[in-house]
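The structure appears below as structure tokens.
The values are calculated or read from the model by the stated rules, or taken from the named source; none is laboratory data. Since we're looking at a predicted model, the values are computed, not measured. Because the Cβ atoms are built from the backbone with ideal geometry, glycine has one as well, and the counts that use them run over all protein chains shown.
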Amino acid sequence: MLLSFSDIGAFLGGFLWPLIRVSAFLIASPVFTTRGVPAQARLVLAAAITVCLLPVVGDIPAVDPFTGQGFLIVVQQFIVGATLGFALRLVFAAVVTAGQVIALGMGLGFASMVDPSNGLQVPVVSMFYMILGTLLFLAFDGHLVAIQVLAESFTIIPVGTEGLLIDSFWDLVMWGSWMFAGAVLIALPAITAIMVVNIGFGVMTRAAPQLNIFAVGFPIIMTVGFALMFITVPNLQPQFEQLTEGALELMRGMLQKTV
């Protein structure tokens, strides 16, 4: 059996284009591609998910991937996958932002470490909430639902030159505002209590100016902050679940807006 160069290109495109969408989704999503996971493991995971999703990919255009039209299809697949994954990443960004706000209120903004998911320096409190959010996401089977939405994308937006509308990107930008709203909802109880403690120290300073408020207030505020974190941890579950459901609904909504 003789195979021409175009036949080989079409065969490679049948696996390459879905792989690009899956890989872009994994690169942009928060859980699947942390820096602690080796690059070889990420590639194997992307290939394994692609093989599992091939039955639902549907008809793939017989286009040589080394042509201009093939390059356009590659770009479209990358944009679709990265957009879906980025919508999910904003949920974890809200959790990290909430931890940063609480850490600044407690005076622990200087205690930072490297976040393995994005390689940036974040407060230790943010890492604590990030770990809790990751565990909740896996406990909710959020990773399976995300892969299910990715599989649905091949049915709604088949592999081709068609992609997302501008309205979908605008919805993603508007969803970014929920990152700050969700962070405020998560951090509001702790921040309110810390503010009340700071007001109390302000009254004490006015009543007794000779009192060294920095030596007395810093350990008390830190202790109160840790106690409030322990008390308000159960409230993280409903807030995180609501944000995750909103992100998944956003992902499905963006897929409905196609060219």
Check on Ala247, within 20 Å of the chain's Cα centre (by Cα), under 25 Å from Leu135 (Cβ atoms) and not acidic (Asp, Glu): yes
Within the range 141-162, tally of residues that are among the aliphatic types (A, V, I, L, M), outside any helix (DSSP H, G or I) and in contact with a Leu (Cβ under 8 Å, 6 or more places away or on another chain): 1
Enumeration of residues in the range 212-241 that are in a helix (DSSP H, G or I), without any contact (Cβ under 8 Å) to a residue 60 or more places away in the chain and among the polar types (S, T, N, Q): Thr223, Thr232, Asn235, Gln239
Qualifying positions in the range 187-243 - of a type in the set (Val, Ile, Thr) and touching a Ser or Thr at 6+ places or on another chain (Cβ under 9 Å): Ile213
Pair list, Cβ < 7 Å and 6+ apart or interchain, from the range 146-172 residues that are modelled with pLDDT under 75 and among the charged types (D, E, K, R) to residues that are crowded, with 17+ Cβ neighbours inside 10 Å and outside any helix (DSSP H, G or I): none
Count of residues meeting criterion [aliphatic (A, V, I, L, M) and surrounded by 21 or more Cβ atoms within 10 Å (Cβ to Cβ)] in the range 150-163: 3
Extreme residue, nearest to Met229 (Cα to Cα), among residues of the range 183-205 that are among the small types (Gly, Ala, Ser) and exposed (fewer than 14 other Cβ atoms within 10 Å of the Cβ): Gly200
Among the candidates Ile199, Ile191, residue that is under 28 Å from Leu136 (Cβ atoms), in a helix (DSSP H, G or I), β-branched (Val, Ile, Thr) and at pLDDT 80 or above: Ile191
Any hit, the range 172-184, residues being in contact with a helix residue (DSSP H, G or I) (Cβ under 9 Å, 6 or more places away or on another chain) and outside any helix (DSSP H, G or I): no
